[in-house]
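Note sheet for the following structure.
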Amino acid sequence: MPTVPVIPSVWPSSSEWFFLSPVLLMAFWGVLVLMLDVLVLRNRTLLSTRAKWLGLTSLVGALAALGLAVGLLWPGVLATDVLSANEEFFNGTIAFDAASALLQVVGIGFLVLVIGLSMTWVFTNEQGEYYALLFWSAVGMILMIEAEEFMTLFVALETMTISIYILTGLETGSKRSSEAALKYLIYGSAASALFLFGLSWVYGLTGTTRLAAVGRALVESRTVEGIGGQWTSGLALLLVLAGFGFKVASVPFHQWTPDVYEGAPAPVTAWIASGSKFASFIAMIKVLMLALGTWSVDTGHLQSPGWVVILSILAAVSMTYGNLAALGQQNFKRMLAYSSIAHSGYLLVGVVAIGVSSQRTEATGAVLYYLCTYGLATLGTFAVAAWLAHDVGSDQIDDLNGLGFRRPVPAFCLAILLLSLIGVPPLAGFFGKMLMFMEALNAGGNGGIALTWLVVVALLNSVVSAFYYVRVLKALYLRQPGPAIGKSFPSGVIWTLVIAAVATVGFGLNPTALLDPLGGAGISLLTSPEPASSGRPVDSNGITQSATVPENPAQTQVPVAPAPSASAR
Amino acid sequence: MTSHWQVWLYVAAVFIPLVAFATGVLFRRWLRSWIAWIATGAIFCSFLLSLIGFLGFIPHLKSSHGESSQSDHAQVAIPFAWTADFEWLDIGSRLLPGLESEPVKGSLPALRIPVSIRIDALTVVLFVMVSLIATLIHFYSIAYMAEDPRYSWFFTYLSLFCFSMLALLASDSLFLVFMTWELVGICSYLLIGFWYEEKTNVQAANKAFIVNRIGDFGFLIGLGVLWTSFGTFSISEINRELADPGLRDAHLRLTRPTATHGDPGGLVRLSSRDQVVEGAGPGTTIPLFVSYSALVVAGLGIFAGCMGKSAQFPLHVWLPDAMAGPTPVSALIHAATMVAAGVYLVGRFFPLFTHEVLLFIAYIGAISLVIGATVAVVQTDYKRLLAFSTVSQLGFMMLGLGVGGWSAGLFHLVTHAFFKSLLFLGAGNVFHAVHTFEMASLGGLRTRMPVTARMMLVATLASAGIPFFSGFYSKDAVLASVLQFAEFHPGHTILVVLPLLGSFLTAFYIFRMWFLIFDGEPRSEQIAVHAHEAPRVMTLPITILAIFALVVGYPWTILPLATPVVEAWIEAAEPLAAMRVSAGVRWTAIGFSVLISLAGTVAATLFYSRFKLFSTRSILSDLKPLRTFLFNGWFLDRLYRLVFVLPVLGVARGVGRFDHHGLDRLVNETARTTRGISKLGDAFDRYVVDGLARGIGWTLYGLGWLGRLIQTGQIRTYVTLLSVAMLGLFVAVYFWIR
C-alpha cells in the first residue's frame, strides 16, 4: 500500500548551496533587475535608456551565472566524489551531478543569447518585469533539469511555464501577443492539470514521489514488463505524457504552438523553442527512464504496450504533421513553429531510442547533442525573425527576398542554420539526426526490425522538411531584394546568428567535442541516486541501480516475484 | 607522446599567414593595397616566432652522432624534437569514460588520422630560413608589384603559399605533408600563371602542374605502400621503426641487410614495434616485419614526388618555364623554398630509403646537376639561366643526400636558398630597370646600378663556390661526401666526376651572367640610358640577403677548419649516423673545390669580362650544333613532346574523331529514333508521371491544409481537441493493453 513519503528536513550544507549558486544568483538577479527598474529607473529616464541599462544589467547577471556554472565544471572545483550521483542534495530532491553541471551551462548559455537578442529593440514597456521573468523562467528551467522528485519537478516546471506565459503577453500594444499569452495560459493550465493528475496516479501506485524510488517500486511490483494489462499504469502514463507532450509541443498537444510562436515577441519565442524545449525534453527523459522505465516496453518484442510504442506513434505523427503543415506557410515565425513541432517528433525518436537502444548513454548523448544544436539553430533563426519583426515590420518569408545580396554575412549564417535544420552534412543537425536514428535502429534483440518503420518515417520527413527550408534559401539568394530589406542589422541579432552558425559548423565538423561531454552527462543523467535511508526502504531484491548505467529492461532478466502487487489490477 | 608548448609557437607561425590569406580573400575590396602590408606583417610575425623558437632550441642543437658514430651497433639516440599530436579525424574510437572495458560487439576498429607536429633541429633552421626569405621577398614585392592590377591577389596567394610551406615543414604526418605538398603546388600554379592574360604563362603554369602531377602519382603510391606496411602516417614513427644501425650500415655499404636485421626472405624487422600477442601474458610480443621490396617501392614513389617538386631529371622541364611568373615568385617559390621541399622530404625520409633508392637518388641528382649546368652555360635569358642553375644546384643537394651526406645536402639547401633568392631578386631589379631578360642587349650596368651589381656579385661568388662565401662551404661539404662515397665504392667514381664538372660549369655560367649584365660597355645605349638603380624598398632586401649569402656558411673560425655552424645545427637532427667524412677526404675536397671554382671563374673572365682574351663568337659558331642542343635543354622538351605529348594528343584526337564520326552518328541516329519514342514518353510523363508527382505534391499540401484546418485560432477548439485527443488515447490504449 502507498505509504506517506517522509522527506527528511535536513538543512542543506553550505556546499549544497554552493552547487546551486548559479540558480540562486539568477533568482536574485531577477529581483535586482526588477528593483532597479521600479525603484531607480522608471519614470526618470526614457524607455530606450531604461531598456538599455536593464538589458546590460541582465546580461551581466546572466554572464556571471554562466561564469559560475562554468566555474563549477572546472576541474577541482567540485571534488569528484561530490559530483558523483551518490550524494543527495537538498534531501534528494535535486541532483547535482555531472549532467546537471553541464546541462545548466547550456541552459544559461541559451539565456545569455536570449537576453542579447532581447536588447536589440524595445518591444515592451515592462522592461524590469521582462528581464526578471526571463531570469525566473531560467531558474525554473534549470531546477527542472536537476529535479529528482515529482513535486520539485512540477514546481520547477510551473515556475518556468508561468513566467513564460507572462513573457508571451508582454509585448506592448500587440493584440496578438496578449491573445497568445491567454491561449497559452489556458491550454497550459489544462495540460498542467493533466500532468499533475498523472503524477498523483503514479504516487498512488508507488507511494513515493522520488524518481528513483518510483522506478524501484515499479520494478518490484511489476508482473509484466511494459503496461500490458495494467490500465492504471496506462492512465498514469498517458497523463504524464500529456504534460510533457504539451511542453515539447508534440501532436496532439501542439495546438498552442503556432499561435504562441507567432504572437509572442521573437526573443520569447526563441526562448520557448530553445530553453523550454531543452529542459522539458531532459526532464521527460529523466522521468521516463528513471521512474517509469519499467513501463517502456515488454522484453523482446517492441510492439508490446508501453511508452515506447506510444511515443513512436506520437513521434511519427508529430513529424509528419509538423512538416506537412509547415509546407504551406508564408509566415516565417509560423513556419518555424510547425518546424519546431516536427523537430519535437525527431527528438521523440531519440527518446524512444534511449528506451530501446543497447547503448543508452550514447543514445542519451545523441539526444542531448541534438537538443543543444537544435536550440542554437532555433535561436539563430528566431533572431532573424526578431529582426524581421522589428526592422521590416512583418515576418513573411518573402520579406527575406534578396537578403543574400544586401547582407551577405547574416544571410550566410541563416543559410547554414537552415541547412543544419534540414540535416545536411557536415553540419551539426546532420550528426544529431544521424546519431539519434542510428541509436533507434540499434535496439537490442529483434527490436531493430520493429523500429525501422519509425526511422523510415523520420527520414522521409527530413526530405519533406527540405522543401520549406529551401524556400527560405531561395528567398535569400534567388530573389530580387525588396525595398525594405537590409537597412540595419542590430548587433544582437548578428551576434546570435554568428555564434549559432559558428557552433553549428564547428560542432558539425568536430561532433566529438560536444558529444563526449554530453555522453558523459548522459551517464549521470540515467543514474539514479543511492536509495535514501529515509525514503521507502529498499528490499533485498538485489537491484542496485546506483552509480551504474541501468541495464536495458529489454535485456535484463530480473526475477519477478509472482505475488500480485498493489498496482496490478 | 608528450606535447611541448614550443610547438604552439610554430603552430602560430604557420597559421598567421593563413589568417592573412583569409583576410585577403574576404576583405580584399575594403583593404585594397593594405593587404600587401598585412601579408608582409603576417610573415614577419611568423619569422619572429620562428626566431624565438630557434633561440629556444639552441641548447638542443648539439649533434648527437658526432662522438658515437663509430659504435655502430649502439642504440642510436633519437634526435631531440618538440612534438605534439592532434586528433584530426577520429571515427569510432569514441568510448565514454567508464565504458572502455566493455567492447561493443561487432564494432570496427577506429579510423584515426592524427595530425602530428614535429619540430627538430632541421625544422627549426628551415623555419627561420623560409620565413626570413619570405619576409624579405614580401617586402621587395611591395615595390616590385606596385603597379599590378591584381596587386592584392598577389599577396593573398603569397600568404597562402607561406602557410602551406611552413605547414609542410612542421608536419610529421604524411597525410598533412601530402596536403601541404599539393597546396604549395597550387600556389605555384596560381603564381606562375599570375599574368594569365598571356597564353604562354598559362601554358607554363599548366606544364608545371601536370609535370608535378606525374611525380605526385608516384608519391601517392609511396604513401599507400607506407600506410599498408606500417599502418601509420607518422614520418617519425616510420623512421623510428627503421632506425636500426645495422640496416643503415647495410645501406651505406650498398648491400642488402644481413640475416640479423631482416630474414633472408626479404623482410626488414621493425625495430621499435612488436605486436603484443592477444591473450598471452604481458610482455609477450612477436616482431613485426615489413617487406624489403615494399620499402624500395615506397622509397622510389616518395622520391618520384620529390623529383617533380624539386625539378630533377627527367621531371625538371617545368622549372625553366615557371619563370613566366613574377620574379619575386621565382625567387621565393622556384628558387628558395618550394623546389627545396623535395630535397627536404628526401632528408626527412632518409631512413626509409634503401641503398638502391639512395643510389638512384644520387645518380638522378648527378644527372640533373650536369644537365642544368650545361644548359645554363648557353642561355641568353638570364632568368632562364638562373632556372637551370636552380635545377643544377638542386641536383647537387640530391646527390649529397643520395651518397649519405645528409647534413651536407641539406646545408647546401640553406645556403643555396639565400644566394639564389638574392640572384633572383637582383635579376628582378635588373628587369625593373631595363625591361628585358635578354643578356645580349645588356652590359655595363655596374655603374648605373651599383648596389644591385655589388650584391649580385656576392651571390655570384657564393654560387660559384669561391672560398669565404657561403656556397663554398656547402658545396665543399657535398663534394667531400661524394669523395668519401667514391672512396668506399670505387665503382661509382662517375659520381665524383659529374659534380666536379658541374662545379666548373657553375662558376663559369654564373660569372658569365654577371659579366654580361654588369661588366664591360653597354651593348644597347637605348636600354642603358633608362637603366636606374631600384628604389630602397627593393635594394634593402637584397642587401640583407647578401649578408646572409656571405656568412651563412661560416664555421666559427671562418676558415674551413671546422664544420660550418649551420651544418652543425642541421646535423643535430640527423636521423642516423650517416656517412662520416674523414679529414683527408675533406681536404682533398677543399682542394678540388677551390681549384675548380677558380678555374671556372677565370675561364668566364677570359671569355666575357672586359679583360677578355677570346671572342665567343667564333667558338660559338664552331660549336653551333652543340649550342643548339644545350640551348634547348638537351631537347628534352621536344623529346617529351614527341614521345608523350604528341602520342597522347594523337590518341585524344583519334578518340575525338571516332567520337565525332562513329559514335556521334550512331548517337544521332539513335537520337532520332529515340525522339520519336520520347514523344510518347513525353506524353506519358506529362500526364502520368508529372500528374503523379504533382499529385503527391498537392496531396502533401492538401494534407497540410487539412491539418491547419484544425488550427482555428479558437482556444475552445484547442481545449476541445485536447480533451478529444486524450479521450481517444485513453480508449485506444485501454483496448490495446487489455
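Throughout, read-outs are computed from the coordinates displayed, never taken from laboratory work. The shown structure was predicted, so the numbers you read here are calculated from the model rather than taken from an experiment. Note: ideal-geometry Cβ built from the backbone for every residue, glycine included; neighbour counts use all protein chains shown.
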Worksheet entry | Filter on A:247/A:333; B:199/B:624; A:433/A:474; B:207/B:612; B:199/B:383; B:383/B:624 - keep pairs with C-alpha separation over 28 Å | B:199/B:624; B:207/B:612
Worksheet item: Per residue and in cubic angstrom, what volume does the convex hull of the Cα atoms of the range A:81-188 have?
Response: 97
Worksheet item: Cα-Cα pairs above 20 Å in the range A:271-342: how many percent?
Response: 47
Worksheet item: Given charges of +1 on the Cβ of Lys and Arg and -1 on the Cβ of Asp and Glu, with all other atoms neutral, how large is the dipole of the range A:287-436 about its Cα centre, in debye to the nearest 20?
Response: 120
Worksheet, complete the sentence: Contour minus Cα-Cα span, residue B:714 to residue B:202, at 0.36 nm per residue, comes to 177.3 nm
Practice prompt. For chain B, compute Rh as the Kirkwood radius over C-alpha pairs and then the Stokes-Einstein diffusion coefficient at 20 °C and 1.002 mPa s; write the answer in µm²/s, rounded to an integer.
Written response: 74
Discussion item. Please compute, over every Cα-Cα pair in the range B:574-668, the percentage with a separation greater than 18 angstrom.
Written reply: 76
Worksheet item: So who's got an amide H within less than 5 Å of the one on residue A:149, skipping anything under 5 residues away but keeping other chains? H placed 1.01 Å off N, in plane.
Response: A:211
Fill in: Test item: A:249-258 mean partner chain Cβ contacts at 10 Å
4
Worksheet item: Can you give the Rg and Dmax of the range A:85-134 based on its C-alpha atoms, in angstrom?
Response: 15.9, 47
Worksheet, complete the sentence: Counting other chain Cβ atoms within 10 Å of each Cβ in A:337-343 and taking the mean gives 1
Worksheet item: Can you work out ³J(HN,Hα) from phi for every residue in the range B:670-678, in order, using Karplus 6.51 cos²θ - 1.76 cosθ + 1.60 and θ = phi - 60°, giving whole Hz and x for Gly and Pro?
Response: 4, 4, 4, 4, 4, 4, x, 5, 5
Worksheet entry | Approximate spin-label separation residue B:537-residue B:525, in nm, with each point projected 7 Å along Cα-to-Cβ | 3.4
Worksheet item: Bin by bin, in steps of 10 Å, what percent of the Cα pairs in the range A:27-568 do you find, going until the bin that has the longest distance?
Response: 4, 19, 30, 26, 14, 5, 1, 0
Worksheet item: What's the angle, to the nearest 10 degrees (0 to 90), between helix A:211-221's Cα axis and the longest principal axis of chain A?
Response: 40
Worksheet item: What Kirkwood radius, in Å to one decimal, follows from the Cα pairs of the range B:606-738?
Response: 25.5
Worksheet, complete the sentence: Eigenvalues of the alpha-carbon gyration tensor of the range B:332-409, times 5 and square-rooted, give semi-axes in Å, largest first, of 24, 14, 7
Worksheet item: Could the peptides B:475-487, A:344-356, A:215-227, B:706-718 be put in order, highest first, of the mean number of other beta-carbon atoms found within 10 Å of their residues?
Response: A:344-356, B:475-487, A:215-227, B:706-718
Worksheet, complete the sentence: Total charge of the residues flanking residue B:589 in space, meaning their Cβ is under 14 Å from its Cβ, with Lys and Arg +1 and Asp and Glu -1, is 0
Worksheet item: Computed over the Cα atoms of the range A:327-437, what is the convex hull's projected area averaged over all directions, in nm²?
Response: 7.0
Worksheet item: Quick one: Debye curve from the C-alpha atoms of the protein assembly as shown, no solvent, what's log10 I(q)/I(0) at q = 0.05, 0.06, 0.08 Å⁻¹?
Response: -0.51, -0.70, -1.02
Discussion item. Once R0 is set to 45 Å, what does the formula 1/(1 + (r/R0)^6) return for the Cβ-Cβ distance between residue B:487 and residue B:210, expressed as a FRET efficiency to the nearest 0.05?
Written reply: 0.60
Worksheet item: Among B:135-142, B:27-34, B:213-220, A:26-33, what's the highest-first ranking by average C-beta atoms within 10 angstrom per residue?
Response: B:135-142, A:26-33, B:213-220, B:27-34
Fill in: Averaged over B:710-720, number of beta-carbon atoms from partner chains that fall within 10 Å
5
Item to complete: Give me the net charge of residue A:240's neighbourhood, meaning all other residues with Cβ under 14 Å from the Cβ of residue A:240; Lys, Arg count +1, Asp, Glu -1.
Response: +2
Worksheet item: So who's got an amide H within less than 5 Å of the one on residue B:116, skipping anything under 5 residues away but keeping other chains? H placed 1.01 Å off N, in plane.
Response: B:86, B:172, B:173
Discussion item. Compute the helix-to-body angle for A:47-73: its Cα long axis versus the longest principal axis of chain A, expressed 0 to 90° and rounded to tens.
Written reply: 40
Worksheet entry | Kirkwood estimate for the range A:296-335, i.e. one over the average of 1/r between Cα atoms, Å | 11.9
Practice prompt. Can you tell me the 0 to 90 degree angle between the C-alpha axis of helix B:536-551 and the longest principal axis of chain B, rounded to 10?
Written response: 70
